[in-house]
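K.L.:
Starting off with a structure, shown below.
The values are calculated or read from the model by the stated rules, or taken from the named source; none is laboratory data. Please read these numbers as outputs of a predicted model, since none were measured by experiment. When we count neighbours, we look across all protein chains shown, and the Cβ atoms used for this are built from the backbone with ideal geometry, even at glycine.
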Amino acid sequence: MTFFHFLPIAFDAWRMRHASSEQIAQRQQKRLSDLVTFARTYSPFYAEKYRTLPDIVTDIRQLPPVTKVELMEHFDDVITDPTVHRIDVEKFLDNKNTIGRRFLDRYMVWTTSGTTGTPGIFLEDQNWDTVLSAVNLTRIGLEWYTPDVIRGMVKGGGITAAVFAGNGHFLGVSMIKRQSFNHSSRAKSKHLIPITLPIPEIVQHLNELQPVMFSGYASALTLLAYEQLSGRLNIHPSIVVSSAEPLTDENRALIQRAFGVPPRNNYSCSEGGVMAYECRQGKMHLNIDWILFEPVDENYNPVSIGQTSNRVLITNLANRVMPIIRYELSDRASLEPEPCSCGITLPVVKVEGRSDEILYFENANGQNIPVLPLALWAVIKEIPGVLRFQAIKISPYALKIRLETINSETDADIWHMVQIQVQDFFQKQSLSNVEIFRAQEGPMRDPKSGKFRNVWSEY
């Protein structure tokens, strides 16, 4: 196996920001060829899937798409390291003390359900880590960390705060934890605030920390912007970073008004890492020299430039331990026909991601209390035995949960645990009066969009 080295990767990533389409295409083809050869050689799954294909693949459309369900069903055969077995990975994931640690001291592991509702487990090797670090430094670093931002961070002692789901092996949380482990001298300046805490407690933590770098889910940043404008929150970050959820123009303007700096955004997923990043013009540029990105229709045919796709296929050209080749994401996306005025030649993408809603319930005192969608998602997803769920507000005082469990024999016990955990979460939000009950029907996709929504209101 060829190991990637940071300096040449970083230098090339820096150059490719302004490369021609021909230069990028050359790198894509070479990296795709190397990846397919490696997958055929070391992954029994891909060896069988590509058995009838020609030895040299000249067009990515020759390769059949894959889905999360398919990769999870054949997990051990997908992985190229024969010492990795799903049963051992799942034991590793069951231990919350291993968040941010490497499985077998070699691989980062994270989980996701995303917009399909199907749980997934993904491994990252050192090659992918090297590419992510190099790309983030030479692209995000140069675009986001201006001299003013750097001066503000130095002046504020480099204190960072992230409002994320803190109880699982999720991509963002694992990366933050790993940075703390790898740089113990800076661990005291990095703080993870669980999104499951009530908003007043999150506000209290932020006021005490006074972070100069502040990141979180878009819905959380929006609520905290209102807290800042009301005067209950009083922080002065040099940079604010949004992730995991769509950031609307309205919320972007609100966050900038509240904190005095424009929020930065990226497009990431567990399967592809940071696939795109915002430039200073607010446009999302794809890292297509390392991530092949195909907006397609429902039959996997490419859509025209400027047309919104039904889904997308991604290929991670860096990761070897778990090849991700023409992997289906349910995100709807379109590629911009015109180049960005910032001068970066990497293509610009518009993405429709999660469509979950902030829920507002009325407590016993008549107050409207917000419940963040990813906070509720984090509570339910981490309960053992939960396969898929949907949480739906049906009144100011009631939440309906559609639930699918892994084992029908323990279904009643799993529901009992879900009910207890959700009631406990709502009680901590001062919403002990809200009724939590199970729907007769199971989880289902949205009939119009085809997406699997987790949290929304029907009231």
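K.L.:
Mind checking whether some residue in segment 423-442 is buried (at least 17 other Cβ atoms within 10 Å of the Cβ), over 22 Å from Leu372 (Cβ atoms) and touching an Asp or Glu at 6+ places or on another chain (Cβ under 9 Å)?
P.N.:
Looking through segment 423-442, none of the residues is buried (at least 17 other Cβ atoms within 10 Å of the Cβ), over 22 Å from Leu372 (Cβ atoms) and touching an Asp or Glu at 6+ places or on another chain (Cβ under 9 Å).
K.L.:
Next up: Here's a check for you: in segment 38-72, which residue that is modelled with pLDDT of 95 or more and among the acidic types (Asp, Glu) is nearest to Pro295 (Cα to Cα)?
P.N.:
Per the criteria, the residue is Glu70.
K.L.:
If you go through segment 92-121 one residue at a time, how many are assigned to a loop (DSSP other than H, G, I, E, B), at pLDDT 90 or above and among the hydrophobic types (A, V, I, L, M, F, W, C)?
P.N.:
Qualifying residue count for the region: 1.
K.L.:
Just the residues that are surrounded by fewer than 21 Cβ atoms within 10 Å (Cβ to Cβ), in a strand (DSSP E or B) and either in the same structural domain as Val69 (by TED's automatic domain parsing) or hydrophobic (A, V, I, L, M, F, W, C) (or both), please, taken from segment 367-385.
P.N.:
Across segment 367-385, the qualifying residue is only Ile369.
K.L.:
Then there is this: Has segment 335-344 got at least one residue that is at pLDDT 95 or above, over 30 Å from Arg106 (Cα atoms) and either part of a strand (DSSP E or B) or not assigned by TED's automatic domain parsing to the domain that holds Met16 (or both)?
P.N.:
Yes, segment 335-344 has at least one match.
K.L.:
If you take the residues of segment 267-277 that are assigned to a strand (DSSP E or B) and either in contact with a helix residue (DSSP H, G or I) (Cβ under 7 Å, 6 or more places away or on another chain) or without any contact (Cβ under 8 Å) to a residue 40 or more places away in the chain (or both), which of them is nearest to Asp148 (Cα to Cα)? Write out each step before concluding.
P.N.:
Applying the first criterion (assigned to a strand (DSSP E or B)) to segment 267-277 yields 267-269, 273-277.
Right, trim to either in contact with a helix residue (DSSP H, G or I) (Cβ under 7 Å, 6 or more places away or on another chain) or without any contact (Cβ under 8 Å) to a residue 40 or more places away in the chain (or both) and you get 268, 273-275, 277.
On the way: Ser268: 26, Gly273: 27, Val274: 24, Met275: 26, Tyr277: 20 Å.
For segment 267-277, the residue satisfying everything is Tyr277.
K.L.:
Another question, then. Could you tell me whether segment 131-138 includes any residue that is outside the structural domain of Phe181 (by TED's automatic domain parsing), closer than 30 Å to Asp446 by Cα, of a type in the set (S, T, N, Q) and in contact with a Lys or Arg (Cβ under 8 Å, 6 or more places away or on another chain)?
P.N.:
No - not one qualifying residue is present in segment 131-138.
K.L.:
What residue, of Ala253, Ala220, is under 22 Å from Asp148 (Cα atoms) and aliphatic (A, V, I, L, M)? Full working, then the answer.
P.N.:
On the way: Ala220 fails: under 22 Å from Asp148 (Cα atoms).
Matching residue, one of Ala253, Ala220: Ala253.
K.L.:
Another question about this same structure. Might you let me know whether segment 21-30 holds any residue that is outside any loop (DSSP other than H, G, I, E, B) and either within 24 Å of the chain's Cα centre (by Cα) or β-branched (Val, Ile, Thr) (or both)? It would help to see each step written out before you state the result.
P.N.:
Step one: list which residues in segment 21-30 are outside any loop (DSSP other than H, G, I, E, B), which gives 21-30.
Restricting the remaining residues to those that are either within 24 Å of the chain's Cα centre (by Cα) or β-branched (Val, Ile, Thr) (or both) gives 24, 28.
Yes: segment 21-30 contains one or more residues that are outside any loop (DSSP other than H, G, I, E, B) and either within 24 Å of the chain's Cα centre (by Cα) or β-branched (Val, Ile, Thr) (or both).
K.L.:
Please verify whether segment 354-362 includes one or more residues that are hydroxyl-bearing (Ser, Thr, Tyr) and not in a loop (DSSP other than H, G, I, E, B). Spell out the reasoning first.
P.N.:
As a first pass, look at segment 354-362 and keep what is hydroxyl-bearing (Ser, Thr, Tyr): 355, 360.
Filter once more, so that each one left must be not in a loop (DSSP other than H, G, I, E, B): 360.
Checked segment 354-362: at least one residue is hydroxyl-bearing (Ser, Thr, Tyr) and not in a loop (DSSP other than H, G, I, E, B).
K.L.:
Separate question: Quick one: which residue in Val434, Val348, Val422 is in the same structural domain as Met16 (by TED's automatic domain parsing) and modelled with pLDDT of 95 or more? It would help to see each step written out before you state the result.
P.N.:
Working: Val434 fails: in the same structural domain as Met16 (by TED's automatic domain parsing); Val422 fails: in the same structural domain as Met16 (by TED's automatic domain parsing).
None of the other options fit; the residue is Val348.
K.L.:
Quick check on segment 358-370. Is at least one of its residues out of contact with any His (no Cβ under 6 Å at 6 or more places or on another chain), within 22 Å of Trp456 (Cβ to Cβ) and among the small types (Gly, Ala, Ser)?
P.N.:
Checked segment 358-370: no residue is out of contact with any His (no Cβ under 6 Å at 6 or more places or on another chain), within 22 Å of Trp456 (Cβ to Cβ) and among the small types (Gly, Ala, Ser).
K.L.:
Of all residues in segment 387-408 being surrounded by fewer than 20 Cβ atoms within 10 Å (Cβ to Cβ) and modelled with pLDDT under 90, which is nearest to the chain's Cα centre (by Cα)?
P.N.:
Taking the candidates together, the pick is Leu387.
K.L.:
Looking at segment 31-82, which of its residues are within 30 Å of Leu346 (Cα to Cα), part of a helix (DSSP H, G or I) and among the charged types (D, E, K, R)?
P.N.:
Hits for segment 31-82 are Arg31, Asp34, Arg40, Arg61, Lys68.
K.L.:
Return the residues of segment 304-334 that are of a type in the set (Ser, Thr, Tyr) and assigned to a strand (DSSP E or B); say none if nothing qualifies. Give the steps one after another, and end with the answer.
P.N.:
Residues of segment 304-334 that are of a type in the set (Ser, Thr, Tyr), as a first pass: 304, 308-309, 315, 327, 330, 334.
Within segment 304-334, Thr315, Tyr327, Ser334 qualify.
K.L.:
Next question, about the same structure. Condition check: touching a residue at least 24 places away in the same chain (Cβ under 8 Å) and farther than 15 Å from Tyr327 by Cβ. Does Phe38 satisfy that? Show your work before the answer.
P.N.:
Working: touching a residue at least 24 places away in the same chain (Cβ under 8 Å): yes; farther than 15 Å from Tyr327 by Cβ: yes.
So Phe38 passes the test.
K.L.:
Still on this structure: If the requirement is being more than 23 Å from Leu137 (Cβ to Cβ) and in contact (Cβ under 8 Å) with a residue 60 or more places away in the chain, which of these qualifies: Asp76, Asp55, Asp81?
P.N.:
Numbers: Asp76 fails: in contact (Cβ under 8 Å) with a residue 60 or more places away in the chain; Asp55 fails: in contact (Cβ under 8 Å) with a residue 60 or more places away in the chain.
Just one listed residue meets the conditions, Asp81.
K.L.:
Suppose we filter Asp81, Asp105, Asp77 for residues that are surrounded by fewer than 20 Cβ atoms within 10 Å (Cβ to Cβ), in the same structural domain as Arg326 (by TED's automatic domain parsing), among the acidic types (Asp, Glu) and in contact with a Phe, Trp or Tyr (Cβ under 7 Å, 6 or more places away or on another chain); which single one remains?
P.N.:
Details: Asp81 fails: in contact with a Phe, Trp or Tyr (Cβ under 7 Å, 6 or more places away or on another chain); Asp105 fails: in contact with a Phe, Trp or Tyr (Cβ under 7 Å, 6 or more places away or on another chain).
Testing whether each residue is surrounded by fewer than 20 Cβ atoms within 10 Å (Cβ to Cβ), in the same structural domain as Arg326 (by TED's automatic domain parsing), among the acidic types (Asp, Glu) and in contact with a Phe, Trp or Tyr (Cβ under 7 Å, 6 or more places away or on another chain) leaves just Asp77.
K.L.:
Looking at (1) buried (at least 18 other Cβ atoms within 10 Å of the Cβ); (2) touching a helix residue (DSSP H, G or I) at 6+ places or on another chain (Cβ under 9 Å); (3) among the basic types (Lys, Arg); (4) closer than 21 Å to Ala218 by Cβ, which one does Arg280 not meet, given that it meets all the others?
P.N.:
Against the list (1) buried (at least 18 other Cβ atoms within 10 Å of the Cβ); (2) touching a helix residue (DSSP H, G or I) at 6+ places or on another chain (Cβ under 9 Å); (3) among the basic types (Lys, Arg); (4) closer than 21 Å to Ala218 by Cβ, Arg280 comes up short only on (1).
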